[in-house]
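A quick write-up on the structure given underneath.
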Amino acid sequence: MDLASLELAVNRLREAEAAIDAARADVETEAVGAVREGAPVDAVCEVSGLSPHDLLRLEKTAGELPH
């Protein structure tokens, strides 16, 4: 049995998961930045899909954001 097709599918899945993780990190960083710049938490949550609890937790633990 040739596993090449399975290996390709697994690699595509891993790449997709890495892209999702990177995108999620970007959303979290941008959401924290928006709140720190004065955007309303409710509006940031609506756009980002984060809950207010998660957003405020991220804001407290984020430290300094990259520019």
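Under a point-charge model restricted to the Cβ atoms of Lys and Arg (+1) and Asp and Glu (-1), what is the dipole moment magnitude of the chain relative to its Cα centre, in debye to the nearest 20?
Magnitude of the dipole: close to 120 debye.
How do the peptides 25-34, 48-57 rank, highest first, by the average count of neighbouring beta carbon atoms within 10 Å per residue?
25-34, 48-57
Along the three principal axes, how long is the chain when you take its alpha carbons, biggest first, rounded to the nearest angstrom?
Computed over the chain, the largest-to-smallest principal extents equal 58, 23, 16 Å.
Quick check for you: with a 1.4 Å probe and neighbouring chains kept, what is the accessible area per residue of the chain, in Å²?
Dividing the accessible area of the chain by its residue count gives 79 Å².
What is the sum of charges around A31, taking Lys and Arg as +1, Asp and Glu as -1, for the other residues whose C-beta is under 14 Å from the C-beta of A31?
-4
Could you tell me which residue out of A4, A34, A18 lies farthest along the dipole of the chain toward its positive end? Charges go on the beta carbon: Lys and Arg +1, Asp and Glu -1, centred on the Cα centre.
A34
Carbon and sulfur together cover what percent of the accessible area of the chain at a 1.4 Å probe radius?
For the chain, the apolar C and S fraction of the accessible surface comes to 57 percent.
Can you compute the modelled spin-label distance between D26 and E7, with each label point 7 Å from Cα toward Cβ, in nm?
About 3.1 nm, to one decimal.
The values are calculated or read from the model by the stated rules, or taken from the named source; none is laboratory data. None of these values were measured; they are calculated from a predicted model. All Cβ positions, even for glycine, are placed from backbone atoms using ideal geometry, and neighbour counts span all protein chains on display. SASA here: full protein model, heavy atoms, side chains in, ligands and nucleic acids out. Shrake-Rupley method; radii C 1.70, N 1.55, O 1.52, S 1.80 Å.
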